[in-house]
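This report concerns only the one structure given below.
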There are 2 protein chains.
Amino acid sequence: MKIVVVGAGNVAWHLSKALHDAGQHIVQVYSRLDGRAARLGNEIGVSYITDLQHINPDADIYILAVRDAAIEIVAEKIRKRLDRHFEHQAEPLVVHTSGATPTTLLQPFFKHYGVFYPLQTFSIDRPITFHTLPICVDAAQASDVDMLFELAKTLTPKVYRISNEQRQILHVTAVMVNNFTNHLYTIAHDILQQENIDFNILKPLINETVNKIQQHPPATMQTGPAKRSDDTTIQRHLTYLEKYPDYRKVYEILTESILNDDKTE
Amino acid sequence: MKIVVVGAGNVAWHLSKALHDAGQHIVQVYSRLDGRAARLGNEIGVSYITDLQHINPDADIYILAVRDAAIEIVAEKIRKRLDRHFEHQAEPLVVHTSGATPTTLLQPFFKHYGVFYPLQTFSIDRPITFHTLPICVDAAQASDVDMLFELAKTLTPKVYRISNEQRQILHVTAVMVNNFTNHLYTIAHDILQQENIDFNILKPLINETVNKIQQHPPATMQTGPAKRSDDTTIQRHLTYLEKYPDYRKVYEILTESILNDDKTE
């Protein structure tokens, strides 16, 4: 199948490279930013465009790996281009890669639409191993689901059919375990930096916290002052955190949440 | 040096085993719980007691690896026992293992006092590699600091002299990166379980989040709707979380904290 990748951000970059490495036939990449489009196009040796008017209308799959707010705009432009393409016969499959966006956003524009959502955090300069990461796919039509499974399976054995509602739930929890966790690391890093203490001291603890939940349900691994209802320590921490009102609030709410949580009893 | 370990909980268990494995001479272990004392004593082949009246008064170091609220009570009992011990000449060094407790709590009882704080999360059934974990030591007298360094260095090269104030700060940040992070995993696990979605889908993301900060400062790795100020997604998540008011509050506060954080800009 011929693939067009729309977007050249973190997801588009890693996904394009992984598809290319898996032998998939990417025929074109697009970014509105010339530098990005060129970089990705050159990286995988395919032509690139910076204007959707020139999008190749003969692909089998269009992967819209753009930020959520741009999906609808991009979809509309591609529809117009397909409509103008006189010889175009078969309707292509158009998918986005967003955890947060329902596939139905694409419904007004395409007969075949769906989602191809790699559940991972991507940074442009960190290589990502695709063969251990989950890809969540869905589409309205069964034959489209099959096509997405086939494509995803060339990257990873972990392919799941996940409905719009389930994907949204997964996305909420992904925000918690990834974005919020990283923010807690950021808070710790910031406090220690201000106090001239080396953040590296915390890394073995950070690593062990994650290692623990590979085999055990996280609730059974909960420790700490809130879990022990150790008020003396909690109060001492809150007093210390008075100079960081924003961090203090985070401490307070998470402590309350642990105290409320009978699942960790 | 002859060591007595007071306590047989998670820290006492792993620390005793590590010291024993490192060839240190533990002469006695104590727990008020007979089963625990016996289990630890048998594990490392030393005598155990369940009454502090019988504590061996001839040790060089007493390690109080008990919960924070018990440190003072235990210290007082040991003091009484040392006072009653007619032949006792040299004053021993007495340390606790708490991240949250100032060493000065021991000052009324002992001439030589300090702290021996392994910065790690311990579970009784998970083996811990001591030679990569940091141990924070401190004592009022320089010779005691030397003695604690010497002892800690038999377990790990990562030994730090950390003052009471610094240790308290480290402890606050340890709670954030360990207890709070684990609680976020617990929330995600709970939500996914209720929605019949496999928590394992999130594990590659969880692992990559931690891998990223091994080389990069966490602030530079921040992603997600709050970082992008993506209100549509945040509002959609908050609407979904209405059925989990407690988790919704956690989501709200951490999102606000990321939005407020210019360090991640």
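The values are calculated or read from the model by the stated rules, or taken from the named source; none is laboratory data. Model, not experiment: these values are computed from the prediction. Ideal geometry is used to build each Cβ from the backbone, glycine not excepted, and the neighbour counts take in all protein chains shown.
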**OP:** Looking only at region A:192-216, count how many residues are more than 18 Å from B:Cys136 (Cα to Cα) and not polar (S, T, N, Q).
**Re:** 4
Subject >> Residues (more than 14 Å from chain B (Cβ to nearest Cβ) and either more than 11 Å from A:Ala75 (Cβ to Cβ) or of a type in the set (Gly, Ala, Ser) (or both)) located in region A:104-118 >> reply: A:Lys111, A:His112, A:Gly114, A:Val115, A:Phe116
Original post:
Can you tell me which of A:Asn207, A:Asn260, A:Asn200, A:Asn178 is surrounded by fewer than 23 Cβ atoms within 10 Å (Cβ to Cβ), of a type outside the set (A, V, I, L, M, F, W, C), closer than 27 Å to B:Tyr240 by Cα and not assigned by TED's automatic domain parsing to the domain that holds A:Tyr113?
Top reply: A:Asn260
Original post:
Hey, among B:Ala152, B:Ala174, B:Ala139, which residue is more than 7 Å from every other protein chain (Cβ to nearest Cβ), at negative phi and within 16 Å of the chain's Cα centre (by Cα)?
Top reply: B:Ala152
Original post:
What are the residues in region A:10-19 that are out of contact with any Phe, Trp or Tyr (no Cβ under 7 Å at 6 or more places or on another chain) and surrounded by fewer than 19 Cβ atoms within 10 Å (Cβ to Cβ), if any?
Top reply: A:Lys17
Subject >> Positions within region B:98-119 being farther than 13 Å from B:Tyr62 by Cα and either in a helix (DSSP H, G or I) or in contact (Cβ under 8 Å) with a residue 40 or more places away in the chain (or both), in sequence order >> reply: B:Gly99, B:Ala100, B:Pro102, B:Thr103, B:Thr104, B:Leu105, B:Tyr117, B:Pro118, B:Leu119
Original post:
Does region A:30-41 include one or more residues that are under 25 Å from A:Val145 (Cα atoms) and either in contact (Cβ under 8 Å) with a residue 60 or more places away in the chain or polar (S, T, N, Q) (or both)?
Top reply: no
Subject >> Test result for B:Tyr48, closer than 16 Å to B:Ala139 by Cβ and in contact with a strand residue (DSSP E or B) (Cβ under 6 Å, 6 or more places away or on another chain) >> reply: no
**OP:** Can you run down the residue pairs with Cβ atoms below 8 Å, 6 or more apart or on separate chains, where the first is in region B:141-155 and in contact (Cβ under 8 Å) with a residue 60 or more places away in the chain and within 11 Å of B:Phe116 (Cβ to Cβ) and the partner is among the small types (Gly, Ala, Ser) and outside any loop (DSSP other than H, G, I, E, B)?
**Re:** B:Met147/B:Ala139; B:Leu155/B:Ala18
**OP:** Give the residues of region B:179-215 that are outside any helix (DSSP H, G or I) and within 20 Å of A:Phe122 (Cβ to Cβ), sorted by residue number.
**Re:** none
Original post:
How many residues does region B:141-184 hold that are in contact with a strand residue (DSSP E or B) (Cβ under 7 Å, 6 or more places away or on another chain) and acidic (Asp, Glu)?
Top reply: 1
Subject >> Qualifying positions in region B:48-70 - within 14 Å of chain A (Cβ to nearest Cβ) and closer than 22 Å to B:Val145 by Cα >> reply: B:Val66, B:Asp68
Subject >> The listed residue being more than 23 Å from A:Lys77 (Cβ to Cβ) and not in a helix (DSSP H, G or I), out of A:Val95, A:Val137 >> reply: A:Val137
Subject >> Failed condition for A:Gln194, given (1) within 23 Å of B:Ile169 (Cα to Cα); (2) more than 7 Å from chain B (Cβ to nearest Cβ); (3) in contact with a strand residue (DSSP E or B) (Cβ under 7 Å, 6 or more places away or on another chain) >> reply: (3)
Original post:
Can you pull out the residues in region A:198-246 that are free of Cβ contacts under 8 Å to residues at least 40 places away in the same chain, aromatic (Phe, Trp, Tyr) and more than 7 Å from chain B (Cβ to nearest Cβ)?
Top reply: A:Phe199
Subject >> Tally, over region A:57-70, of residues that are over 24 Å from the mean Cα position of the chain (by Cα) and surrounded by fewer than 17 Cβ atoms within 10 Å (Cβ to Cβ) >> reply: 1
Subject >> Number of the exception - A:Leu259 against (1) at the interface with chain B (Cβ under 7 Å from one of its Cβ atoms); (2) under 17 Å from B:Asp190 (Cβ atoms); (3) in contact (Cβ under 8 Å) with a residue 12 or more places away in the chain >> reply: (1)
**OP:** Give the residues of region A:1-54 that are in a strand (DSSP E or B) and among the small types (Gly, Ala, Ser), sorted by residue number.
**Re:** A:Ser47
**OP:** Might you let me know whether region B:71-83 holds any residue that is of a type in the set (D, E, K, R), within 19 Å of the chain's Cα centre (by Cα) and part of a loop (DSSP other than H, G, I, E, B)?
**Re:** no
Original post:
Is it true that some residue in region B:214-222 is under 26 Å from the mean Cα position of the chain (by Cα) and crowded, with 19+ Cβ neighbours inside 10 Å?
Top reply: yes
Original post:
Can A:Asn164 be described as in contact with a Pro (Cβ under 7 Å, 6 or more places away or on another chain), closer than 30 Å to A:Phe116 by Cβ and facing chain B (nearest Cβ under 7 Å)?
Top reply: no
